[in-house]
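A quick write-up on the structure given underneath.
Just so it is clear, none of the values below were taken in a lab; they were calculated from the coordinates. Note that the structure is a prediction, hence the values are computed from the model and not measured.
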Amino acid sequence: PEITGVAPKFGISSGGTSVVITGSGFSSIGGVAGVVFGGVNATSYVIDSDVQITAVSPAHAAGIIDIVTTNAVGSSFVVAADIYTYYNLPAITGVTPKYGISTGGTACPNAFHTKLAWIGVPKASISVLTVERSVPARVSP
């Protein structure tokens with residue numbers, strides 16, 4: 001089989017992204033190892049046609065990987081077209097202020113003290129410190 005494209009080219013590290021793989025020689029792909037994301041079998045996949053597969057990405061550590069397809073003849077070569085990137089979701093690590101008045105209008109000058117480890121590279125991080133947002137009124141149940 002041959003991979004000529006994947007869409008989307010990225011997804012979250014917890015998996016579950018539907019990925020359309022295009023290429024050729026897909027009709028004879030079978031078994032649990034028919035579609036592999038960076039050494040991990042796809043959660044599931046459907047052979048849409050000889051030139052298209054729809055696969056669900058498995059959980060994987062953040063980073064850049066290759067998608068490989070295997071049929072009775074062999075495996076697809078690793079090429080630039082099969083690259084897929086896993087990323088971690090950002091986590092909110094703090095919200096200021098922690099409370100406001102029930103009628104709304106409280107300014108939250110540092111609403112998202114967020115530190116991201118983007119594309120799984122721990123040293124490359126982004127801090128968002130100045131998001132200004134007015135909080136709407138909330139009625140308690």
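Things to note:
- Taking 0.36 nm per residue of sequence separation and removing the Cα-Cα distance, the S49/S18 pair yields an extension gain of 9.5 nm.
- Taking amide H as placed 1.01 Å from N in the peptide plane, the amide H of Y87 sits under 5 Å from that of G11, I12, S13, G63, each at least 5 places away or on another chain.
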